[in-house]
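Structure first, commentary second.
Each reported figure results from applying straightforward, stated rules to the coordinates on display, with no laboratory input. It should be emphasised that the depicted structure is a prediction, and the values quoted were computed from it without experimental measurement. All Cβ positions, glycine included, derive from the backbone under ideal geometry; neighbour counts span all protein chains shown.
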Amino acid sequence: MCAVAVLPLTMCHQNNSELLPAGTIQAADPQADALLSEARALMAAGELSAAKRKLRNIVLNHDLAPCAPEARMLLAEIYEKQGLPRDAFEEYDKIVKRYQSSSLYTRALERQLAMAMAAAEGTLQVNVLGLWKAELESSAVEKWLRSVISNAPYNDMAATATSILARYLVRKERYEEAAAVFASLVENYPDSRYAPEAQLMVAQLWASSRTRGNQNLANLTRAQEAYEDFTLRFPNHADARKALNEASNVRRLLVQQELETGRYYLERSREYGAAVFCFENVIRQRNINPEAAKEAETLLQQAKARQAALLAPKS
């Protein structure tokens, strides 16, 4: 019986914030208000560690108090001043997720974006064992930016964070991931000021894959489609003509690539039937790449001659 009687008593002392909807607060909490006043006075006196203890008391034991959002905001600001950006970001995140109706919601989200942007640019640094400072690790930078995107999916800040994330991935030479993030920006925020540039970046990243040793025809095709999508999505943009020209250049590259594929079949693998198919296809695209078509005509004759010789009955 004793063990059974303890259970309801224990449950009564659970943190009510875990059982109530986000943003729910009490009508008043004089004890939390008193702690907040003491914390403000300590901050004004420069006693940040003592102020932090008061604020932590509020956020841990008075999470439903009307002043809880402000306590978390002040706590986050102290963490920033003390060079603890991870702790600061986490406190801002709790404001955003728990107190959507608070007047501090937007301010907390703006601080998250500013911190994530600084981390991506390398200007926000963290202490390492108290001995030196270093840039925030890539996994944390990505986590912060994706957190902003998740916290404000329909806000312009989310589009900004998506653009920053994509550019960060480019700097880290993670090109395919960057292209996917740029594409998501165009898809999710088509009216954003970042959308046209993002669409061009998708195309350029796929097109430049060939200069990084990747001759994948599929990537060039993706680049062509991305340039063409740009002209359809943003026909009045200043770069619309440029995108159209780039799409034409990629089409020429695709034809040239097929010519080189045919040459490989002819000269290296000696698959003459495949070589004939490639050369004939290049010739059909004379209007796109006349130089390649002219060369394909010569190579086609060679491929057909070798194919005929290979198929001729031996005496």
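Structure values in brief
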item	result
Cα→Cβ-extended label distance, 7 Å offset, between residue 281 and residue 154, nm	4.6 nm
Rough spin-label spacing in nm, given labels placed 7 Å along Cα→Cβ, for residue 174 and residue 56	3.2 nm
Linear extension gain, residue 81 paired with residue 143, 0.36 nm per residue minus alpha-carbon span	20.1 nm
Degrees between helix 195-208 axis and first principal axis of the chain (Cα, 0 to 90, nearest 10)	50 degrees
Relative contact order of the range 253-315, pairs being alpha-carbon contacts under 8 Å that are 6 or more residues apart, as %	31 percent
Normalised convex hull volume, the range 59-101, alpha-carbon set, Å³ per residue	58 Å³
Using alpha-carbon coordinates, inclination of helix 217-233 to the longest axis of the chain, degrees	70 degrees
R0 of 51 Å, Cβ-Cβ distance residue 216-residue 100: FRET efficiency to nearest 0.05	0.70
All-pairs Cα distance distribution in the range 215-255, expressed in whole percent, bin size 5 Å	6, 29, 31, 18, 11, 5, 0
Anisotropy class of the chain from Cα gyration tensor, a/c 1.5 cut	prolate
Mean Cα-pair separation over length for the range 33-124, i.e. relative contact order, pairs under 8 Å, 6 or more apart, %	19 percent
Table column - 3J(HN,Hα) (Hz), the range 180-187, Karplus curve with 6.51, -1.76, 1.60, x for Gly and Pro	5, 5, 4, 5, 5, 4, 4, 6
Using θ = phi - 60° and Karplus 6.51 cos²θ - 1.76 cosθ + 1.60, couplings along the range 40-53 (whole Hz; Gly, Pro as x)	4, 4, 5, 5, 4, 8, x, 8, 5, 5, 5, 4, 4, 5
Cα-based Kirkwood hydrodynamic radius, the range 33-124, one decimal, Å	13.2 Å
For the range 69-84, Karplus couplings with θ = phi - 60° (6.51, -1.76, 1.60), whole Hz, Gly/Pro x	x, 5, 4, 5, 5, 5, 5, 4, 5, 5, 4, 4, 5, 8, x, 10
Residues 97, 81 arranged by fewest to most Cβ contacts within 10 Å	81, 97
298, 231, 160 arranged by Cβ crowding within 10 Å, fewest neighbours leading	298, 231, 160
Residue order, fewest to most beta carbons within 10 Å, for 67, 278	67, 278
Shape call, the range 81-199: gyration tensor on alpha carbons, a/c limit 1.5	oblate
Across 54/172; 294/314; 54/133; 52/172, pairs whose alpha-carbon gap is larger than 31 Å	54/172; 294/314; 52/172
Candidate aspartates and glutamates for bridging to residue 304, where Cα separation is under 20 Å - those fewer than 8 sequence places away on the same chain excluded	258, 260, 267, 271, 280, 295
For the range 253-315, the spread of Cα positions along each principal axis, largest first, Å	44, 17, 13
The chain - percent relative contact order, Cα under 8 Å, separation 6 or more	7 percent
Helix 156-171 vs. the chain, principal-axis angle (Cα, 0 to 90°, nearest 10)	60 degrees
Residue-averaged 222 nm ellipticity for the chain, from DSSP H runs of 4+ at -39500 (n - 2.57), nearest 500	-23000 deg cm²/dmol
P(r) of the range 193-314 over all Cα-Cα pairs, binned every 5 Å from zero, in whole percent	2, 12, 18, 16, 15, 12, 9, 6, 4, 3, 1, 1, 0, 0
